[in-house]
Each structure stands twice: as structure tokens, then as C-alpha cells.
Amino acid sequence: MSEIKSLFEPQSICVIGASDKKNKIGYKIMENIKSGGYLGKVYPINPNLEEILGYKVYKNISDINEIDEIDIAVIAVPEPLVLNALKTCPSKKIKYVLVITSGFSEIGKNKEEKDLVDFAHQHNIRILGPNIFGHFVNKSNINASFASSNIPKGNVALISQSGALGSALIGETGEENIGLSAIVPLGNKCDIDESDLIEYLQNDDSTKVILIYMEGVKNGEKLIPLLKETTMKKPVIIIKSGRSKKGAQAAASHTGSLSGSDEIFQSIMNQTGVHRPENVVQALQWAKFLANTPMPKGENTLIITNGGGVGVMAADACEKYGVQLYDNYRSLEEAFAPYVPEFGSVKNPIDVTGSVGIEGYEKCIEAAVKHPDIHAILCLGCEHALFQEEALKSTIEKVHNLYGHIKPIQYVFYGGKSVKSAARYLKSKGIPMYFDVYDAISCLGELFRTYRHQQIRHTFESDDSVGIEINYPAISDILRGVQNDHRQFLLANESRGLMEAAGISMPKSFVAKTVDEAIHYFKKIGTTVVMKIVSKDIVHKSDAGGVRLNIENEQELMNAWEVIMLNARKYSPQAVIRGIEICEQINLDTEAIIGGRRDSNYGPMLMFGSGGIYVEILKDVAFRSNTFSKAEIHNMLKETKLYPLLLGVRGMGPKDIDSIIDVILRVALILKHFKQISDIEINPLVIYEKNSGVKAVDARILIK
Ligand code: COA
């Protein structure tokens, strides 16, 4: 398949369905190619025309004699003609085809779309679309689209699955003063998907931020490693709609039914370090800030304000968005006391008070930029008599030009007409000026998220499974037995055997046929046991008086044996009794669920959350794409509401988190080695105090 570079940096392009009629899409595309200043070769194709906008027109691609190979063909003819138009492309070894035409799978014409893909792949052609408005790449001066001719140029690349939203975003970015490095719509995504585009954009120097709108993920397994790689180089922001639970409905396990597509998607965003905004406005604010702000060298933020109220509001917002305030008070005093009146404050927020004009901020910003332990600066101001519109504009512009490239600096000014007018002017100059602290700090929080992710990502890639012993041959034997039996699930004793071979501790349990055997097993278990009647004829064991708890010594065991046998015979005289199960009694403590699942889209996934019988009501779970990193697994644990309980609350000591992570690593290894396993679910996993281990009380295993 052709290198994706040709799509972004084509040397030549032909437009099949080019037109000279101004109301036609085939004309608009030609006009945009021309006005965009594209310097490569342009070949309009139309059987009835001689010339369009000064370009010579060809009746057919094969008539173009001056060239043997063309990088891109744009097809803008009605749907019934598209396949034939595509069939002319191999004559000039076209690498990429942009199918503008609508009327394919989006209206149910799946076969027509598949025919395009089949033909294209037979001829080494890749298809973008169909159902797209064309694409724009700033550095190649190419606007092969019928979108706006006036696309703001800059460093944000936009990938959009929705044409209409993509087109609207071009307008929105213009309004917000965000420049674009590329716009590539995906349309019906019949061939090229976001992964193909990210592969190019991650190494494109002219793109600082990748902004994606997506409705669905087609090949999640391919996307995950790519996103991990890309976010180490530049921020990726994904707006994703469709938070529906579809796909989870037919699931055969808790893990399946809890893994509604959006929960998995959100966990993957967390794991890969992608930014996921709530809405388009937030997405654009983040994109603009992340694309134009230097990366901080640490996480200490300083707030400079002239009003206590906004300072407190900002401190609240910092807490909400995970922004850390610098709190070395001695150092703050030393650095800022000279610029703050006696009745002000040199604690963070620095309060310069209303007695200081905008010039007072200048000194503080300068001191903060020089301070080695302050990494980001937030300037807040409330309008007062000393604030002059012109001074506000010129001072902030000057200060920002001097220092804005050294450390992240943001500005929020509240006030009336003149403050708003100054703020709008500064915003138009690309200065990070906001009308509310929450907007500013939400952007700053995302910047620190990227910083943090890039600092510690490597720890999430480590392989901590080395040295973990698992009896793989024993597991293979069990699975072979299940497959020979044509079953898709493991019986209780098989699941127990698999857990044992995997080194995951389950309560010990044996079936005794005689009281002597029972005593032998009791000694072997070595702790309090439960006794249960074993008979296929007695389903409701408790009703039959066939269960005894808290057996702590041999005498109690012998008494219980007699009582259970007596009760069982009385309850069902005909029942065939196999014996009595002697089972280690589990003291219930904190209960978790651990899942391992082969997702049809995202591949092997791990799950952790609150367990027990209420899992589906609590819905307190987090996911990870299969990983062998303890740090990454620990992060998954932290995403659940159960986590604070694991740390210890209300006088209870901390729980054995290391043992939970160990069990999850073992599940991850089983998923990796045994591709035939589709689901592993341990529920409940009882978690004891730190260093006291965990017990898998029940395990369900499904195979394909
Ligand atoms: N090779 C080259 N040119 C051909 C051709 C061929 N095999 N067959 C026809 N043409 C020419 C036509 O003669 C016409 O040129 P003309 O204006 O000089 O007569 C031109 O191609 C376009 O064909 P036409 O039949 O006029 O179609 P159209 O312009 O009305 O519509 C589409 C074509 C692709 C725009 C339309 O089918 C469509 O899909 N529109 C929706 C596009 C869209 O919204 N995409 C998604 C955006 S998010």
C-alpha cells in the first residue's frame, strides 16, 4: 500500500467530475485548488470541456500523456458513475482517491461501497471517504475541497468523521482564531481511518495538536498503540459522540455487560493520554491553548490577582482541574514582597490589591518567570478605576511577547465594556485571554495532563510480568478437555484448576466420602471450614439442612457430618449422596471484580471494580487495554470508587493492593497466551488487609 505521505503532500492531483459551472461541487473544488495556491500538477477530467480556470481539461485520465503517475484523484461524479471513474485510476497509478460523492453505506448502499474498496485494494489504491468534502493541507497549499476557500492557517490538524461538523468546525476555528495545519474528513471510513491519518500527523512538524471528531472506532486494537505513541509527541484531543450502551447487550458476562463502548473508550483515553472534552467549545479552547503554549517544566502554578474573591474562585477551579498551586511561602515572600503593598498578600494567590494598576502585574509576572520553581502563571484582574483599556492592551501584549514563550501564562479579566474590548483585542492577537477562570484553568489542567503523561508514560510500558510463574501446560490441558467436550464454558472444577495453575488463590475445597476423609481434608485446609452436602439430587442445599458453617475443630466436624447426613436423608430419602464438601471458610471483606475480556473491537481488555452481587448496579469499573505494567494497572484501580476504600478508611487499615495487581497481571498473561479464552471473570475477589492476600471466591471462564 502507498505511503500516506502522498495524501498530505501530493505532487499531482486530478479531479474527475471537474466542472466550469459555478454552482457545481466539481467547480468549487477546482476553484479552491487554484486559489489555495497549489504548486503541483493539476489535471481536471471532464469529457465535455476544454479548459477550467486556466487548467487544460482531459477527457479521461489515460489521455494525460505528460505524466505516468498521479498521487491523488478526487472523484465528484454521481454515485452510479463512481466505480467506473475509479476504474480509470490505475492507468496513472493513482495512490489515493478522495470520493466526494454521497449515497453509499450511509444510505444502505453497502455493496456499492464495498465494490469500491475491493477494486481499490486490488490496485494498491487507498480511498478517503466516500461522502466527504475533500481535504486541506496547509504546508502543501492544497485545498482539494468544496469547503471554505478561506481556511485559517496554523498548527492544529482536524480529522472529522462528520462532514457537516467538520465544515462547521472550520468556521468555528476561524471565529476562535485557531489556525489549521490540515483538515481531513473521514466520511463513511470505508478504507482510510483515523489511525492512518494519525500515523502521518504524529510526525508532521507543522501540526502541534491533533483534534479529532469521531462517532465510532472501527479498529480499536490498531488505534490504541498509535495513540500511546502520538501523545508522547503532541496532544491529541478527541471529541466522541455516541455514549450509548449498544454492543454490551448480548454480553455473556458481567465484564461484557459492563463494558458499554463508552466506558471502554473513556478508559482507553485515560490509558493513552488523550484529551477528551465535554463539548466542542471546550475542545477548541484546549486545542488553541495546547497548540500555542510552551510545555511547563514542572507543575507549580502561581496566581496573581487584584481581588481576593476571584483568587479563591481560581483556587477552587485549580482543585477541580488538578492544577497544583506553588506553596513555598518563604520563597513567595522573598520574590513578591517588593511588588505587593503591605495590605496585600504574598501567599499564593498573590494579591496585588486594587491599589495597583496593570503595570503592577508586569513586575510580578517578571518575577514569576524568573522564579525557578514556578512553572505556570495565571493573571486575574477585576476592573477598577486604575484599569485603562489602552494600558491593559499594551502592557499585556508587551509582557506576553516577552515571556509567553518561556512559561505558560494565562489572563482572565472581569469587567465592563472597556475590559471586554481589551480582552477581545488581546485574544485576537493569540494571547491566552479568557472571560472566566474555569475556562482558563480547564486548559491549564489539560496542559499539565500532557506534561504528566509524557513524564511518566515510560513507567506504563514496563513489563512487570517477568518472573510470574504460571503453569501453562496445565492450563492447555484443561482448555483442550473443554474444547474436546465442545463446551464454551469451563465447569467449576475446571475453572478452579485453571486458577490454581495460574497461581490465583481460591478457597481450598475437597469432597469427602467418609468422615475420616473429612477429618483428613479439614487438617489439610488448616483453618475454619464450611461443610456442604454434595448430591445432584439436592439442589437447594440449605433448605435440606445440608450446610454447616464455622467448623473449627474435629469434634464439631464429626457432629456436623452426622447432622448433615441425617437431614439430607430425611429431606430426600432417594437422593444419591456423593459425600460432603469440606471448604475453606472465607471471611468476607472488601469485594472486587476482576475481568479479562477479548473485545471484538479493542482486543484484549482488563477490568477492575467493585465486586459481589451488586456489580451491575454499582457499575463501578475501569478498563485497560491488556497491559503488563503494574503502574498502569494501579492507575486502573485508581479510577474506581472502590480505590479510596482500598487505601483504608474509618479506622480500617489499607488493603492488599499488591496482591490485587498480581492477580490482574496473571489474568493479563492468561489472555495473552490463550487466544481461545474470550472471558475470565473473578467475582468476588475478596481483598484482605495489606500483606494478607486476596482470595478468588468464584471464577467464570468462557472460550470461543
Ligand atoms: N469523468 C469526468 N467527468 C464526468 C464523468 C466522468 N466519467 N461523468 C460525468 N462527468 C462530469 C459531468 O459532465 C459534470 O460536469 P459538467 O458540470 O461540466 O456537466 C460533472 O462531472 C459532475 O457531474 P454531475 O452529473 O453534474 O453531478 P453533480 O455535480 O450534480 O453531483 C456530486 C455530483 C458528487 C457532487 C453529487 O453526486 C454528490 O454526491 N453530492 C453530495 C456531495 C457531498 O455532500 N459530500 C459530502 C460532504 S460532507
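The values are calculated or read from the model by the stated rules, or taken from the named source; none is laboratory data. Quick caveat, the model's predicted, so the values are computed rather than measured. All Cβ positions, even for glycine, are placed from backbone atoms using ideal geometry, and neighbour counts span all protein chains on display.
Picking from Ala157, Ala164, Ala147, which residue would you name as being of a type in the set (A, V, I, L, M, F, W, C), touching a helix residue (DSSP H, G or I) at 6+ places or on another chain (Cβ under 9 Å) and within 16 Å of the ligand (Cβ to nearest atom)?
Ala147
Here are Leu444, Leu479: which of them is modelled with pLDDT of 95 or more and either of a type in the set (Val, Ile, Thr) or touching a Pro at 6+ places or on another chain (Cβ under 8 Å) (or both)?
Leu444
Going through region 546-573 one residue at a time, which ones are under 22 Å from Leu588 (Cα atoms) and either among the basic types (Lys, Arg) or surrounded by fewer than 16 Cβ atoms within 10 Å (Cβ to Cβ) (or both)?
The answer is Arg548, Leu549, Asn550, Glu552, Asn553.
Report every pair of residues separated by at least 6 positions or lying on different chains whose Cβ atoms are under 7 Å apart, first residue within region 624-649 and closer than 20 Å to Ile268 by Cβ, second surrounded by fewer than 19 Cβ atoms within 10 Å (Cβ to Cβ) and acidic (Asp, Glu).
Pairs that qualify, where the first residue is closer than 20 Å to Ile268 by Cβ and the partner is surrounded by fewer than 19 Cβ atoms within 10 Å (Cβ to Cβ) and acidic (Asp, Glu), are Phe628/Asp463; Phe628/Asp464; Ser629/Glu461; Ser629/Asp464; Lys630/Asp464.
Residues that are over 21 Å from Leu7 (Cβ atoms) and away from the ligand (no atom under 13 Å from the Cβ): does region 132-144 have at least one?
no
Of the residues Ile441, Ile456, Ile475, which single one is loosely packed, with under 13 Cβ neighbours inside 10 Å, touching a residue at least 60 places away in the same chain (Cβ under 8 Å) and in a helix (DSSP H, G or I)?
Every option except Ile456 fails the conditions.
Could you list all residues from region 515-544 that are closer than 24 Å to Val576 by Cβ and either basic (Lys, Arg) or surrounded by fewer than 16 Cβ atoms within 10 Å (Cβ to Cβ) (or both)?
Asp516, Glu517, His520, Lys532, Lys536, Asp537, Val539, His540, Lys541, Ser542, Asp543
So is Ala512 touching a Phe, Trp or Tyr at 6+ places or on another chain (Cβ under 7 Å), under 30 Å from Ser692 (Cα atoms) and surrounded by 12 or more Cβ atoms within 10 Å (Cβ to Cβ) or not?
yes
How about region 166-178: which of its residues are surrounded by fewer than 22 Cβ atoms within 10 Å (Cβ to Cβ) and touching a residue at least 60 places away in the same chain (Cβ under 8 Å)?
Glu172, Glu176, Asn177
If I ask for residues that are of a type outside the set (Ser, Thr, Tyr), surrounded by 16 or more Cβ atoms within 10 Å (Cβ to Cβ) and in contact with a Ser or Thr (Cβ under 9 Å, 6 or more places away or on another chain), which ones from region 95-131 would you list?
Result: Lys95, Leu98, Ile100, Glu112, Glu113, Ile125, Arg126, Gly129, Pro130, Asn131.
Of everything in region 1-21, what is buried (at least 21 other Cβ atoms within 10 Å of the Cβ) and assigned to a helix (DSSP H, G or I)? Give them in sequence order.
Leu7, Phe8
Any idea which of (1) buried (at least 18 other Cβ atoms within 10 Å of the Cβ); (2) at pLDDT 90 or above; (3) over 17 Å from Lys508 (Cα atoms) is the one Ile582 doesn't satisfy?
(3)
How about region 270-284: which of its residues are outside any loop (DSSP other than H, G, I, E, B), under 15 Å from Tyr438 (Cβ atoms) and in contact with a strand residue (DSSP E or B) (Cβ under 8 Å, 6 or more places away or on another chain)?
none
Examine region 200-209 for a residue that is surrounded by fewer than 21 Cβ atoms within 10 Å (Cβ to Cβ) and closer than 19 Å to Gly36 by Cα, and state whether such a residue exists.
Yes, because at least one residue in region 200-209 is surrounded by fewer than 21 Cβ atoms within 10 Å (Cβ to Cβ) and closer than 19 Å to Gly36 by Cα.
Would region 180-196 turn up any residue that is under 25 Å from Gln266 (Cβ atoms) and surrounded by fewer than 17 Cβ atoms within 10 Å (Cβ to Cβ)?
No, that holds for no residue.
Output the number of residues of region 85-110 satisfying the condition of being more than 10 Å from the ligand (Cβ to nearest atom), within 13 Å of Pro130 (Cα to Cα) and charged (D, E, K, R).
So the count comes out to 1.
Quick one: what pairs do we get from region 2-30, first residue touching a residue at least 12 places away in the same chain (Cβ under 8 Å) and over 16 Å from Ser145 (Cβ atoms), second within 7 Å of the ligand (Cβ to nearest atom) and of a type in the set (Lys, Arg), C-beta under 6 Å, 6+ apart or different chains?
none
Could you grab me the full set of residues in region 22-55 that are part of a loop (DSSP other than H, G, I, E, B), crowded, with 16+ Cβ neighbours inside 10 Å and either among the charged types (D, E, K, R) or more than 6 Å from the ligand (Cβ to nearest atom) (or both)?
If the condition is that a residue be part of a loop (DSSP other than H, G, I, E, B), crowded, with 16+ Cβ neighbours inside 10 Å and either among the charged types (D, E, K, R) or more than 6 Å from the ligand (Cβ to nearest atom) (or both), then Gly36, Tyr38, Gly40 are the ones that fit.
Just to be sure, is Ser19 over 27 Å from Glu199 (Cβ atoms), within 10 Å of the ligand (Cβ to nearest atom) and either at pLDDT 95 or above or touching a Gly at 6+ places or on another chain (Cβ under 8 Å) (or both)?
Yes, satisfied.
Working only within region 482-499, note down all residues that are in contact with a helix residue (DSSP H, G or I) (Cβ under 7 Å, 6 or more places away or on another chain) and assigned to a helix (DSSP H, G or I).
Val482, Glu494, Gly497, Leu498
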